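One structure below.
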Amino acid sequence: MQAPTDATPVPERAPAPSTINHQPSTTRAPARGLVMLSGGLDSQLAVCVLRGQGCHVEGVVFDSPFFNIQAAHAASRNLSVPLQVIDFTADISELVAHPPHGFGGAMNPCIDCHARMIRRAGERMRELGWDFVATGEVLNQRPMSQNRRALDLVARESGFADCLIRPLSAQLLEPTRPELDGRVDRSRLLKLSGRSRHDQTALAAQYGLRDYPTPAGGCLLTERQFCRKLQDLKDHEGLGNPFDLARLRLGRHFRLPGGAKCIVGRNAVENQQLARQCRPDETLIRPLAVPGPTVILSAGASAPDLAQALGLAAGYCDAGLETVRLRCAGSGGLREVSVARLPRETARPWLL
C-alpha cells in the first residue's frame, strides 16, 4: 500500500481480517483494555488493531446533552464489542463553566474535555483491574488538538499517561507501560501521522469496515448557534441543571426583555417533548383548534414577559388569523385567552 506524502506508511504486518481474533502464542493472559469508541473510523480501527493481537477490548463512550452517542452504539454492534456508557454531563458542565486550558473556536474545552474523558475511562479501567485505555487519535491529524504537544498535555492531565495507548500512532510516540511490559506488542501497533485519510481507508477495507461516518465534529460545543443558547443559559440560569442543558437542543430559544426564557417548539416532535419536560413552576402555552407550537415560559416570569410569550405562541401558529385562541397553564392555574399575533420581526432581537 502506497502512503500519501503527508502520512507515514501503515506497517505491512498489520493483521489481516482473518487474524483479527487470533489468540497470542504466549500463555500469558491477554491484555484487557477500554477503547474510547466515538463510532468514527479511527476509534473502530483502534479496536481492530488491538483485538488483532489478541487483546480483550471493550468500548467506552461518554454521554452528555452535547454529544451524540448513536454512532458509538452502531460501531459497537458492527464490531461485536461491548460498550460501556459513562454519564459525562457533570464533567462537561464543569469544564464549560471553568475550562483550565480555555476554549477552542467556540465553547469547546477540547484539551480539558479529552483529558477528563481519559481520566474517567482510566478510573473505570482501574475498577475493572484491566491494563490500558486506548484512543483512536492520530498524530497531527488535527493541527490544534492532536499535535505532539497537545497529545502529551492531554495524557499528563488525565493522570493515566502510563496506561494510555494510541494504537494508530503508537510507534511515533513514547511507549507506555503496557507496551514496555509486553502486555501489548508495540511492533504490531501503527505509525500513522498527518491529515490524509488514505491509510485509514485502506485499513478499513482490510478489516472489512464499511459502516462508519465521515469525519465530522459531532460535538454541539463547536457549533456557534448552539453556543449562543448555551452562553445565555450560563449567564442567566447557570449550567447546574441537566434538564436545562438537554432542552437546549429543542425549539427556538428567546430571552425576553424582562429576563424570562421562552422556548418555542418547531415541529410536532419537539412540541411533544416540550410538553413532557415542562416543570410545575413553568408556564405551558398551547394553541387551541389551530396548528402551532408548544411554548414553555420560565418560572417567575413577569406579566409583560407572559404577554410576549403568548404573542410569540400566536405568532408562530400556522393559521392566518390576527388573533389566536391559546391555553395557558401555569402557577395561576389554567386559562384560555385570545391573543394577537406578535410579529416575528419584533421578536427577532430576542432570538438566541
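A convex hull fitted to the Cα coordinates of segment 212-264 yields 99 cubic angstrom per residue. The fewest-to-most ranking of Ser193, Ser43 by surrounding Cβ atoms within 10 Å reads Ser193, Ser43.
With N the number of residues in segment 50-152, Rg(Cα) / (2.2 N^0.38 Å) evaluates to 1.14. Considering the chain as a Gaussian network with a 10 Å cut-off on Cα pairs, which listed residue, Gly39, Gly333, Gly59, attains the greatest mean-square fluctuation? Maximum among the listed residues: Gly333. Exposure proxy for Thr294, Thr323: other Cβ atoms within 10 Å of each Cβ, ordered fewest to most, give Thr323, Thr294. Principal axis analysis of the Cα atoms in the chain yields extents of 78, 37, 36 Å, listed in decreasing size.
With the charge dipole of segment 17-220 set up from +1 on Lys and Arg Cβ and -1 on Asp and Glu Cβ about the Cα centre, the Cα lying farthest toward the positive end among the listed residues Val133, Gly39, Pro175 is that of Pro175.
Using the Cβ of Thr294 as centre and a radius below 11 Å, the other residues enclosed give a net charge of +3, where K and R count +1 and D and E count -1. Think of the chain as a dipole: +1 on every Lys or Arg Cβ, -1 on every Asp or Glu Cβ, centred on the Cα centre; then among Ala205, Ala319, Gly265, Ala319 lies furthest on the positive end.
Need one number for segment 37-77: average projected area of the convex hull over its C-alpha atoms, nm².
Values: hull surface 11.1 nm².
Answer in nm², one decimal: 2.8.
Relative to the Cα centre, what is the charge dipole magnitude of the chain, using +1 at the beta carbon of each Lys and Arg, -1 at the beta carbon of each Asp and Glu, and rounding to the nearest 20 debye? Display every interim value, and only then the final one.
Details: 42 positive and 35 negative charges, 88 e Å.
Its charge dipole is roughly 420 debye.
Summarising the strand pairing of the chain, around 60 percent of its internal DSSP beta bridges are antiparallel.
Short to long, the 5 Å bins of the Cα pair-distance histogram for segment 17-220 hold 1, 7, 16, 21, 22, 17, 10, 3, 1, 0, 0 percent of all pairs. Each 5 Å bin, from zero up to the one with the longest distance, holds this percent of the alpha carbon pairs of segment 250-350: 3, 15, 28, 28, 20, 6, 0.
Bear in mind that the values in this text are calculations on the coordinates, not laboratory data. A quick note: this is a predicted structure, and the numbers were derived from the prediction, not measured. Positions of Cβ are generated from backbone atoms using ideal geometry, with glycine treated the same way; all protein chains shown enter the neighbour counts.
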